[in-house]
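*Asks:* I am attaching a structure below and will ask some questions about it afterwards.
The values are calculated or read from the model by the stated rules, or taken from the named source; none is laboratory data. In this text, all values refer to a predicted model and were calculated from it rather than measured experimentally. Here Cβ is always computed from backbone atoms with ideal geometry, including for glycine, and neighbour counts include all displayed protein chains. To get the accessible areas, we keep the full protein, side chains included, count just its heavy atoms, and leave off ligands, DNA and RNA. Shrake-Rupley method; radii C 1.70, N 1.55, O 1.52, S 1.80 Å.
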Amino acid sequence: MNFRNVPLEMSGDEFKRVGHQMIDAVGELLDSLRKRPVTSGISPDQSRGLLGSLKTLPEHGMNAENLLQDVSRMLIDHSLYNGHPRFWGYITSSPAPIGILADMLAAAVNPNVGAWKLSPIATEIEAQTVRWIAELIGYPPDSEGLLVSGGTAANYVCLLAARAAKADFDIREDGLQGNSSGKLLMYASTETHTWIHKAADIFGFGTDSIRWVKADKRRRMDTDDLQGLIENDINSGHKPFAVIGSAGTVSTGAIDPLRKIARICRRYNLWFHIDGAYGGFAAAVPGLPEDIYALSEADSVAVDPHKWLYAPLEAGCALVKNKDSLRNAFSYHPPYYQFGEEAINYFDLGIQNSRGFRALKVWMALKQVGREGYKRMIADDINLAEYMYYVVSQRPEFEALTNDLSIVTFRYIPEDLRADKENESTREYLNKLNQELLFKVERGGEAFLSNAVIDDVYLLRACIVNFRTTPADIDDLPDIILRAGSEVDASMREESLKI
Ligand SMILES: *Cc1c(COP(=O)(O)O)cnc(C)c1O
């Protein structure tokens with residue numbers, strides 16, 4: 001007997017038989033995505049029904065083959081497909097097929113990438129992935145970094161590195177209670193992603209320690225306002241320690257004046273962190289606004305391979321310029337972890353202890369398509385967004401508002417309301433109308449968008465981080481929106497007449 005009689009074990013033959021069926025199902029999904037609705041429109045009740053979620057924990061198990069068949073079918077038939085050519089919501093990319101396979105391989109070998117000894121090749125692959133990511137975005141090759149769960153976690157890691165580097169007391173030992181004078185303050189524009197609220201809160205600074213810098217008309221950080229706030233805070237005895245710039249804001253893709261911010265940070269000896277979770281990889285593409293090529297000015301950068309490198313969730317990446325700053329922020333050496341210093345032990349460089357092999361899917365995709373492949377795919381996404389902006393602005397029923405990187409914002413305005421769109425009650429009506437129309441489009445499954453709110457105006461927002469989108473998909477968008485919009489408009493007016 002080579003096997004104990006344990007219910008989890010599978011023989012190699014059984015694994016192959018069951019696994020091939022799953023691979024077949026996924027292959028068919030890839031081929032049929034375009035024919036499917038973007039989302040099945042399933043309700044919370046229906047999805048709970050599918051799970052039989054009132055059922056208690058199964059006492060006994062079931063046959064693995066049936067299980068995998070049932071679950072493949074359930075997930076494939078009832079999910080939202082961010083790999084669909086017309087998925088343009090939030091910033092969630094279509095997953096690279098090579099990444100799907102890589103995740104399975106990573107799970108099969110299952111290295112613990114917390115320590116080199118437990119993951120010899122995997123650790124080196126992660127280190128190479130981090131170096132390649134730095135190279136791709138023009139960050140110094142001798143920087144250091146690691147993969148984390150996403151953009152939020154990458155920003156956390158960088159902010160914690162900033163905190164350890166810039167506090168003039170031993171913040172790791174004494175915490176914020178060791179601070180005997182002035183508040184530690186960070187500066188970020190009002191367009192910054194909400195990770196900063198969570199970070200300021202959970203790391204004990206408090207959200208009041210965020211100084212919100214004004215954004216200009218193009219939603220870029222106003223550096224005069226930044227400088228004024230810093231001066232004012234220093235004069236009041238506070239301790240500014242970090243400025244956060246965005247390379248592609250989450251709502252509209254605006255790129256902050258990164259070179260100017262870098263100069264201000266140098267003047268006041270502040271840590272400069274760039275949140276490039278959305279736009280950082282655009283630095284690989286030539287011909288974009290100059291500031292996107294300034295990432296190397298920052299002390300740290302967060303990027304998100306599960307966005308514009310099209311890695312399946314989850315994969316973020318934190319980079320720091322000074323090699324020691326991660327170790328200075330995170331490292332402890334308890335007696336039961338003596339892994340030596342001659343190789344990287346990633347538990348020293350970040351928040352996690354045991355770590356999965358999320359680098360593999362990123363590394364394999366980089367090898368599969370190379371720099372050239374990524375430059376082309378990202379540039380195409382940006383060009384398609386520009387095309388969408390053009391297509392939408394050609395139609396009198398739409399007001400196209402912004403187009404930065406691969407994000408477009410616009411709204412639907414019925415013809416008879418166009419003249420007084422600035423009017424308070426019309427604006428409110430248009431906000432409600434566009435919100436309802438967005439929900440209708442989502443449920444319809446023909447395309448998937450999300451929203452932005454700029455100056456109290458509710459906008460439809462499309463973000464293309466999707467290597468499957470074609471110009472024909474974009475040509476179809478205006479009619480999809482218009483159909484939903486005129487239906488919602490008609491029924492909303494009917495409702496208001498009833499009152
Ligand atoms: C997406 C995004 C984040 C958060 O990243 P997650 O991967 O969702 O955690 C942070 N900042 C910006 C600018 C983003 O676009």
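*Asks:* List pairs: first residue in the range 153-182 and touching a residue at least 40 places away in the same chain (Cβ under 8 Å), second residue hydroxyl-bearing (S, T, Y) and open to solvent by 60 Å² or more (accessible area, probe 1.4 Å) anywhere in the structure, Cβ distance under 9 angstrom, at least six positions apart or on different chains.
*Replies:* From residues that are touching a residue at least 40 places away in the same chain (Cβ under 8 Å), the pairs are G182/S236.
*Asks:* Sticking with this structure for a sec: Out of the range 306-325, which residues are outside any loop (DSSP other than H, G, I, E, B), open to solvent by 10 Å² or more (accessible area, probe 1.4 Å) and within 13 Å of the ligand (Cβ to nearest atom)?
*Replies:* Answer for the range 306-325, where residues must be outside any loop (DSSP other than H, G, I, E, B), open to solvent by 10 Å² or more (accessible area, probe 1.4 Å) and within 13 Å of the ligand (Cβ to nearest atom): H306, K307.
*Asks:* Run P141 past the list (1) away from the ligand (no atom under 16 Å from the Cβ); (2) closer than 24 Å to K307 by Cα; (3) in a helix (DSSP H, G or I) and report the number of the one that doesn't hold.
*Replies:* Among (1) away from the ligand (no atom under 16 Å from the Cβ); (2) closer than 24 Å to K307 by Cα; (3) in a helix (DSSP H, G or I), the lone unmet condition for P141 is (3).
*Asks:* If you check H60, H84, which single one turns out to be touching a residue at least 24 places away in the same chain (Cβ under 8 Å), assigned to a loop (DSSP other than H, G, I, E, B) and of a type outside the set (S, T, N, Q)?
*Replies:* H84
*Asks:* Could you check the range 294-305 and list, in sequence order, the residues that are open to solvent by less than 30 Å² (accessible area, probe 1.4 Å), in contact with a Ser or Thr (Cβ under 9 Å, 6 or more places away or on another chain) and either more than 13 Å from the ligand (Cβ to nearest atom) or modelled with pLDDT under 95 (or both)?
*Replies:* S300
*Asks:* Of all residues in the range 224-235, how many are touching a residue at least 24 places away in the same chain (Cβ under 8 Å) and either within 17 Å of D168 (Cα to Cα) or surrounded by fewer than 21 Cβ atoms within 10 Å (Cβ to Cβ) (or both)?
*Replies:* Adding up the residues that qualify gives 4.
*Asks:* Where residues in the range 87-114 are part of a loop (DSSP other than H, G, I, E, B) and among the hydrophobic types (A, V, I, L, M, F, W, C), which of them is farthest from the ligand (Cβ to nearest atom)?
*Replies:* So the residue we want is V113.
*Asks:* Search the range 405-434 for residues being small (G, A, S) and closer than 20 Å to A452 by Cα, and hand back the single one that is modelled with the lowest pLDDT.
*Replies:* S425
*Asks:* Restricting to the range 443-490, what's the tally of residues that are of a type in the set (F, W, Y) and not in a loop (DSSP other than H, G, I, E, B)?
*Replies:* Selection size over the range 443-490: 2.
*Asks:* Considering only the range 440-450, I want to know if a residue exists there that is under 22 Å from F467 (Cα atoms), in contact with an Asp or Glu (Cβ under 8 Å, 6 or more places away or on another chain) and open to solvent by 50 Å² or more (accessible area, probe 1.4 Å).
*Replies:* yes
*Asks:* Would you point out which residue out of I98, I42 is hydrophobic (A, V, I, L, M, F, W, C), at pLDDT below 95 and touching a helix residue (DSSP H, G or I) at 6+ places or on another chain (Cβ under 6 Å)?
*Replies:* It is I42.
*Asks:* Under 8 Å between Cβ atoms, which residue pairs at least 6 apart in sequence (or on different chains) link something in the range 303-315 that is among the β-branched types (V, I, T) with a partner that is assigned to a loop (DSSP other than H, G, I, E, B) and near the ligand (Cβ under 8 Å from one of its atoms)?
*Replies:* Hits for this filter: V303/A277.
*Asks:* Of a type in the set (S, T, Y), open to solvent by 70 Å² or more (accessible area, probe 1.4 Å) and assigned to a helix (DSSP H, G or I): which single residue out of Y390, Y374, Y336 fits that description?
*Replies:* None of the other options fit; the residue is Y390.
*Asks:* Within the bounds of the range 145-158, is there any residue that is more than 15 Å from the ligand (Cβ to nearest atom), in a loop (DSSP other than H, G, I, E, B), over 30 Å from M22 (Cβ atoms) and open to solvent by less than 20 Å² (accessible area, probe 1.4 Å)?
*Replies:* no
*Asks:* Turning to a different aspect of this structure: Quick check on R395: is it closer than 27 Å to A164 by Cα and surrounded by 14 or more Cβ atoms within 10 Å (Cβ to Cβ)?
*Replies:* No, not satisfied.
*Asks:* Please give the number of the condition N82 fails out of (1) open to solvent by less than 30 Å² (accessible area, probe 1.4 Å); (2) farther than 30 Å from V243 by Cα; (3) within 16 Å of the ligand (Cβ to nearest atom).
*Replies:* N82 satisfies all of (1) open to solvent by less than 30 Å² (accessible area, probe 1.4 Å); (2) farther than 30 Å from V243 by Cα; (3) within 16 Å of the ligand (Cβ to nearest atom) except (1).
*Asks:* Let me ask something else. Would you check which residues across the range 201-248 are of a type in the set (V, I, T), more than 26 Å from A294 (Cα to Cα) and within 16 Å of the ligand (Cβ to nearest atom) and list them?
*Replies:* I202
*Asks:* In this structure, does T207 turn out to be of a type in the set (S, T, N, Q) and open to solvent by 60 Å² or more (accessible area, probe 1.4 Å)?
*Replies:* So T207 fits the description; yes.
*Asks:* A further question follows. Within the range 63-73, does at least one residue satisfy the condition of being assigned to a loop (DSSP other than H, G, I, E, B) and either open to solvent by less than 70 Å² (accessible area, probe 1.4 Å) or more than 16 Å from the ligand (Cβ to nearest atom) (or both)?
*Replies:* Among the residues of the range 63-73, at least one is assigned to a loop (DSSP other than H, G, I, E, B) and either open to solvent by less than 70 Å² (accessible area, probe 1.4 Å) or more than 16 Å from the ligand (Cβ to nearest atom) (or both), which makes the answer yes.
*Asks:* Within the group L160, L176, L229, which residue is at negative phi, at pLDDT below 95 and aliphatic (A, V, I, L, M)?
*Replies:* Result of the check over L160, L176, L229: L176.
*Asks:* I need the full set of residues from the range 236-267 which are hydroxyl-bearing (S, T, Y) and buried (at least 16 other Cβ atoms within 10 Å of the Cβ), in order please.
*Replies:* Result: S246, T249, S251, T252.
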